[in-house]
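Working notes, structure below.
The values are calculated or read from the model by the stated rules, or taken from the named source; none is laboratory data. What you see is a predicted model, and the numbers here were worked out from it, not measured in a lab. Note that we place each Cβ from the backbone using ideal geometry, even for glycine, and neighbour counts take in every protein chain shown.
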Amino acid sequence: MGITDMQEAFYYRECAAAHENSPLGLHYAMFLPTINKQATPEQKKKWLPLAENYKMIGTYAQTELGHGTFIRGLETTATYDPKTKEFILDSPTLTSKKYWPGCLGKTSNHCVVMAQLYTQGKSHGPHMFMVQIRSMEDHSVLPGIEVGVIGNKFGYGTNDNGFLSFDKLRIPRENMLMRYSQVGRIPRENMLMRYSQVSRIPRENMLMRYSQVHEDGTYVKPQNAKLAYGSMVLIRSSIVSDAARGLAQACVISIRYSAVRRQTEAYPGGEEPQILDYQTQQYRLFPLLASAYSLQLAGKYVFNTYLEVNDQIEKGNLESMPELHALSAGLKAFSTYEASAGIEVCRICCGGHGYSQASGLPKIYVDVVPGCTYEGENTVMMLQTARYLMKCYSRAKQGQKLPGFVQYIGQNLNKKSCMSEEVALGCLVMAYEHRAARLVEAAAMRMQSLIQGGKKQHEAWNGSSVQLFWAAKAHCHLFCVKNFVDAIQAKSLSSKTVTVMKSVCQLYGVHGILENLGEFMQDGFFSGEQVGYLQRKMLALFENIRPNAVALVDAFDYPDMVLGSCLGRYDGQVYQALYDYAKSAPMNQTEIHSTYYKHLKPLINPETTSDAMQFAKL
Ligand SMILES: CC(C)(COP(=O)(O)OP(=O)(O)OC[C@H]1O[C@@H](n2cnc3c(N)ncnc32)[C@H](O)[C@@H]1OP(=O)(O)O)[C@@H](O)C(=O)NCCC(=O)NCCSC(=O)CCCCCCCCCCCCCCC(=O)O
Ligand SMILES: Cc1cc2nc3c(=O)[nH]c(=O)nc-3n(C[C@H](O)[C@H](O)[C@H](O)COP(=O)(O)OP(=O)(O)OC[C@H]3O[C@@H](n4cnc5c(N)ncnc54)[C@H](O)[C@@H]3O)c2cc1C
């Protein structure tokens with residue numbers, strides 16, 4: 001295709017086969033990026049041309065039967081043999097078998113494998129290794145390897161998620177993925193000087209930047225062990241846009257359909273209204289439309305932040321890694337939770353036709369919902385964000401200035417909402433900041449009281465993890481609201497567009513408060529009267545958005561071929577499309593289905609069973 005931008009390439013493939021989940025998905029999403037981000041220049045020179053020209057087709061094999069979340073608990077081992085200058089890969093237990101990696105069972109002939117590195121009798125934690133698993137001549141499985149598919153799943157039918165295990169497989173030392181130091185463009189000899197504390201070894205073997213294993217097996221620690229987690233941070237930063245796209249497409253389908261579908265006479269003898277005119281339909285769909293816009297903006301922000309921080313990391317400046325990790329982990333969880341729940345509501349809003357594959361909605365749902373699990377199970381990701389927020393809280397209490405998006409933490413909580421009938425965007429942001437600051441403080445206080453009560457750190461952590469989860473969720477929600485408001489206020493949009501988008505942004509903020517009212521009212525921040533303002537404003541916003549609802553989904557500009565939906569067609573010819581879809585069903589290609597003779601006929605006409613037996617023998 002010649003498209004170099006990862007997101008553009010992904011969207012191009014989506015247009016060609018929307019939500020089909022290509023058997024090369026992991027090759028693009030994780031195998032190529034891992035080589036790009038974690039391999040040395042020499043390794044990139046060797047592997048990238050092969051991978052970019054589909055000689056090497058690969059995946060990212062990290063998760064095992066027994067471990068997915070806890071990477072440091074992975075059991076696959078890579079033990080360095082200085083005599084032969086090789087790593088010996090082994091799956092010592094049943095639970096150490098790799099399990100789940102996409103495109104692994106039948107498609108890939110290589111994979112990057114996360115394994116526990118052992119050298120000179122010591123463990124150095126999880127590292128990435130390039131492993132060939134099938135012949136590049138005839139695709140046969142190589143000796144010392146067992147590989148296959150894991151069987152049917154909830155969705156992802158076109159992706160051969162697989163299992164993989166090693167029986168003392170030897171790979172060359174050069175196959176440990178390590179990128180040379182990126183400290184600017186320092187001369188090569190300085191690079192060597194920077195990391196090699198033991199001996200100078202030929203550059204092509206030098207395993208630099210994150211860590212290295214010298215020929216004699218000496219291991220040099222990386223600048224930060226989490227750099228090896230870089231591919232996951234990249235995908236988490238991408239998943240936010242992916243989730244937003246799924247929700248936006250579901251909104252296009254359900255809102256266009258709701259403008260076409262008429263049901264139930266509004267009054268005796270009256271005409272049946274468009275179901276989009278029912279306030280309850282607006283209550284379910286319009287906040288999701290607002291959420292789709294909000295998550296698209298959040299996805300752009302977090303991916304751009306990833307690019308900026310990754311650029312810094314490439315130069316050796318790891319300062320913003322913790323903030324990027326907290327942002328990408330939290331927003332990945334928040335966006336996939338919101339999108340998955342929202343797509344299901346869109347499906348239900350389409351009635352029976354929403355349950356048909358013809359609607360395109362089931363396919364979107366099963367493609368987006370695993371995002372709550374893969375690339376970091378959502379609860380675990382929220383708790384990673386909470387871990388960062390707790391650190392920020394203690395820094396705030398020590399009077400330290402906080403970076404970027406966490407400056408609200410530690411603020412004075414003895415204030416009331418400025419909310420008036422007008423429901424100003426600034427008052428909405430203030431409400432979300434107050435809620436998040438209060439929940440961060442409550443979680444920190446809970447931890448503190450448990451520790452003061454004699455609990456160990458890990459016991460206090462687990463004993464506070466529900467409140468930590470609430471705090472992280474509120475932090476992500478604040479991010480999305482504030483990012484949306486900033487975009488509206490910063491954008492040089494035409495006055496008409498600003499008016500329409502301001503209503504959408506207001507609805508996102510108002511609806512989020514009303515759906516989480518307890519967290520906003522628990523400390524009296526809002527009065528009952530102010531809640532009344534919000535409830536009336538929400539209903540008024542439905543009326544305000546209704547005339548532009550179809551235009552707001554058209555603005556996402558998804559072609560019919562991407563939506564793959566009889567309900568969401570741009571021309572609105574829903575019923576003809578549904579009928580044509582039904583007529584084209586394979587079972588309708590014969591008037592009597594073959595199973596009639598074998599199963600029904602003996603019931604209906606037992607006297608003619610012999611005919612059935614004859615047919616059964618066909
Ligand atoms: C993070 C973990 C849960 C825990 O890790 P550890 O145990 O090692 O760390 P600690 O919890 O002890 O914390 C120590 C310390 O480290 C910091 N930390 C942790 N992680 C990171 C990180 N990544 N970066 C920076 N710092 C990090 C942490 O904050 C602590 O710091 P402090 O001590 O200072 O507090 C870890 O175990 C973990 O990550 N687990 C999750 C495992 C996981 O994610 N697995 C994924 C496997 S691969 C997979 O699932 C692939 C799925 C398929 C993907 C295909 C999707 C394609 C669709 C999307 C692509 C779209 C592209 C187009 C985009 C578009 O649409 O536009
Ligand atoms: C469609 C799909 C595609 C995938 N593709 C790949 C791939 O290409 N490559 C790959 O390596 N992996 C892949 N995976 C695996 C995926 O990354 C893991 O499933 C994911 O990381 C979650 O780990 P787990 O399955 O072990 O769940 P667990 O970690 O066992 O989670 C189970 C439950 O335990 C809870 N839990 C776990 N740890 C904690 C904790 N510390 N605190 C609180 N609660 C906790 C979780 O919140 C969750 O509710 C894929 C998975 C799916 C579904």
I'd like the full set of residues that are surrounded by fewer than 22 Cβ atoms within 10 Å (Cβ to Cβ) and either assigned by TED's automatic domain parsing to the domain that holds Tyr374 or touching a Phe, Trp or Tyr at 6+ places or on another chain (Cβ under 9 Å) (or both), limited to the range 105-128. Gly105, Tyr118, Thr119, Gln120, Lys122, His124, Pro126
Residues being among the basic types (Lys, Arg) and surrounded by fewer than 12 Cβ atoms within 10 Å (Cβ to Cβ): count how many of those fall in the range 398-417. 2
Given the conditions (1) within 14 Å of ligand 2 (Cβ to nearest atom); (2) crowded, with 21+ Cβ neighbours inside 10 Å; (3) not in a loop (DSSP other than H, G, I, E, B); (4) not basic (Lys, Arg), every one holds for Gln43 apart from (1)
The number of residues in the range 33-73 that are without any contact (Cβ under 8 Å) to a residue 24 or more places away in the chain and aliphatic (A, V, I, L, M) is 2
Hits in the range 386-421 - residues which are among the aliphatic types (A, V, I, L, M) and either over 24 Å from Glu308 (Cβ atoms) or assigned to a helix (DSSP H, G or I) (or both): Ala386, Leu389, Met390, Ala396, Val406, Leu413, Met419
Which of the residues spanning the range 70-104 are surrounded by fewer than 18 Cβ atoms within 10 Å (Cβ to Cβ), in a loop (DSSP other than H, G, I, E, B) and within 16 Å of ligand 1 (Cβ to nearest atom)? Phe70
One residue is enough: does the range 30-42 have a residue meeting the conditions within 23 Å of Gln249 (Cα to Cα), of a type in the set (A, V, I, L, M, F, W, C), within 14 Å of ligand 1 (Cβ to nearest atom) and under 18 Å from the mean Cα position of the chain (by Cα)? no
Flagged in the range 311-340 as over 30 Å from His511 (Cβ atoms) and under 14 Å from the mean Cα position of the chain (by Cα), in numbering order, are none
Residue ID - nearest to the chain's Cα centre (by Cα), chosen from residues in the range 347-364 that are in contact (Cβ under 8 Å) with a residue 60 or more places away in the chain and either within 21 Å of Cys480 (Cα to Cα) or within 16 Å of ligand 2 (Cβ to nearest atom) (or both): Ile364
Which of the residues belonging to the range 52-61 are under 24 Å from the mean Cα position of the chain (by Cα) and either among the aliphatic types (A, V, I, L, M) or assigned to a loop (DSSP other than H, G, I, E, B) (or both)? Ile57, Ala61
Take the range 1-14 and flag every residue that is surrounded by 12 or more Cβ atoms within 10 Å (Cβ to Cβ) and in a helix (DSSP H, G or I). Met6, Gln7, Ala9, Phe10, Tyr11, Tyr12, Arg13, Glu14
Can you work out which of the residues in the range 264-295 that are among the polar types (S, T, N, Q) and in contact (Cβ under 8 Å) with a residue 40 or more places away in the chain is nearest to Lys482 (Cα to Cα)? Ser294
Does at least one position in the range 428-436 carry a residue that is within 16 Å of ligand 1 (Cβ to nearest atom) and assigned to a helix (DSSP H, G or I)? no
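Yes or no, residue by residue, for (1) outside the structural domain of Leu324 (by TED's automatic domain parsing); (2) of a type in the set (Gly, Ala, Ser); (3) more than 13 Å from ligand 1 (Cβ to nearest atom); (4) modelled with pLDDT of 95 or more:
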| residue | (1), (2), (3), (4) |
| --- | --- |
| Lys363 | no, no, yes, yes |
| Thr379 | no, no, no, yes |
| Glu421 | no, no, yes, yes |
| Ala424 | no, yes, yes, yes |
| Arg438 | no, no, yes, yes |
| Gly453 | no, yes, yes, yes |
| Val466 | no, no, yes, yes |
When the range 400-457 is checked residue by residue, the ones that are of a type in the set (Lys, Arg) and closer than 16 Å to Cys476 by Cβ are Arg435, Arg438
With (1) within 15 Å of ligand 2 (Cβ to nearest atom); (2) touching a residue at least 12 places away in the same chain (Cβ under 8 Å); (3) outside any strand (DSSP E or B) as the list, and His139 as the residue in question, which single condition is left unmet? (1)
Scanning for something outside any loop (DSSP other than H, G, I, E, B) and either closer than 25 Å to Asp367 by Cβ or of a type in the set (Ser, Thr, Tyr) (or both), does the range 122-134 turn up at least one residue? yes
Going by what's in this entry, would Gln312 be described as within 23 Å of Arg256 (Cα to Cα) and in a helix (DSSP H, G or I)? no
Pair list, Cβ < 7 Å and 6+ apart or interchain, from the range 204-228 residues that are within 16 Å of ligand 2 (Cβ to nearest atom) to residues that are at pLDDT below 70: Ala228/Tyr210
What are the pairs, 6+ residues apart or on separate chains, where a residue within the range 237-248 that is surrounded by 24 or more Cβ atoms within 10 Å (Cβ to Cβ) has its Cβ under 8 Å from a residue that is of a type in the set (Asp, Glu) and assigned to a helix (DSSP H, G or I)? Ala243/Glu338; Arg245/Glu14; Gly246/Asp367; Leu247/Glu338
In the range 62-90, the residues that are within 14 Å of ligand 2 (Cβ to nearest atom) and either of a type in the set (Lys, Arg) or more than 28 Å from the chain's Cα centre (by Cα) (or both): Arg72
Could you grab me the full set of residues in the range 365-376 that are out of contact with any helix residue (DSSP H, G or I) (no Cβ under 8 Å at 6 or more places or on another chain) and either modelled with pLDDT under 95 or within 7 Å of ligand 1 (Cβ to nearest atom) (or both)? Tyr374
From Leu563, Leu541, which residue is closer than 30 Å to Val440 by Cβ, in contact (Cβ under 8 Å) with a residue 12 or more places away in the chain and out of contact with any Asp or Glu (no Cβ under 8 Å at 6 or more places or on another chain)? Leu541
Suppose the filter is at positive phi, within 16 Å of ligand 2 (Cβ to nearest atom), at pLDDT 95 or above and in contact with a helix residue (DSSP H, G or I) (Cβ under 8 Å, 6 or more places away or on another chain); does Cys103 pass it? yes
